[in-house]
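Before any comments, here is the structure.
The values are calculated or read from the model by the stated rules, or taken from the named source; none is laboratory data. Keep in mind that what you see is a predicted model, and the values were worked out from it rather than measured. Every residue, glycine as well, gets a Cβ built from its backbone with ideal geometry; the counts of neighbours run over all protein chains shown.
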Amino acid sequence: MWWNKQQKSQHDFSVHPEFFLGAQTVAAGSIEFESDILLDGRYSGDVTTSGLIEIGNNSEVSADLNGRVGIIEGKYKGKAHFIDEVQVKNCASVDGSLESANILVEKGAQLSAKCKTI
């Protein structure tokens with residue numbers, strides 16, 4: 001279900017996620033980690049990391065997220081708290097709540113969420 005994947009992100013960040021959930025994978029549970037995570041499949045539960053959490057374009061995630069930086073491209077439902085920043089890309093669909101120091105929403109994103117800057 002989980003495996004190491006060293007890849008360069010499509011984003012402005014130079015990101016090499018330590019763990020990757022593939023597009024065809026379905027998983028549930030609780031993840032606590034110290035590094036970057038890329039979820040590109042179906043996941044439910046919660047994720048806590050001191051790094052970046054990226055919700056990939058192929059994803060359907062229903063979870064509580066806690067991290068330093070977030071990038072949401074796919075379908076996300078839940079409560080998300082990011083210390084530095086969260087980016088909601090134009091291909092994203094978000095339902096729930098977003099809390100961060102900076103919240104960036106691209107034109108075209110579907111946002112049905114309570115947003116709070118901290």
- Neighbours by Cβ (under 7 Å, 6+ apart or cross-chain): first from the range 27-39, more than 16 Å from Ile71 (Cβ to Cβ); second assigned to a loop (DSSP other than H, G, I, E, B) and of a type in the set (A, V, I, L, M): Ala27/Met1
- Is it the case that Ile53 is in contact (Cβ under 8 Å) with a residue 40 or more places away in the chain, of a type outside the set (S, T, N, Q) and under 23 Å from Phe20 (Cβ atoms)? no
- Task: Determine if the range 61-69 includes at least one residue that is over 11 Å from the mean Cα position of the chain (by Cα) and buried (at least 18 other Cβ atoms within 10 Å of the Cβ).
- Result: no
- Hey, can you tell me all the residues within the range 82-97 that are touching a residue at least 24 places away in the same chain (Cβ under 8 Å) and either β-branched (Val, Ile, Thr) or under 22 Å from Ser30 (Cα atoms) (or both)? Phe82
- Would you mind finding the one in Asn57, Asn90, Asn66 that is assigned to a loop (DSSP other than H, G, I, E, B), modelled with pLDDT of 95 or more and not aromatic (Phe, Trp, Tyr)? Asn90
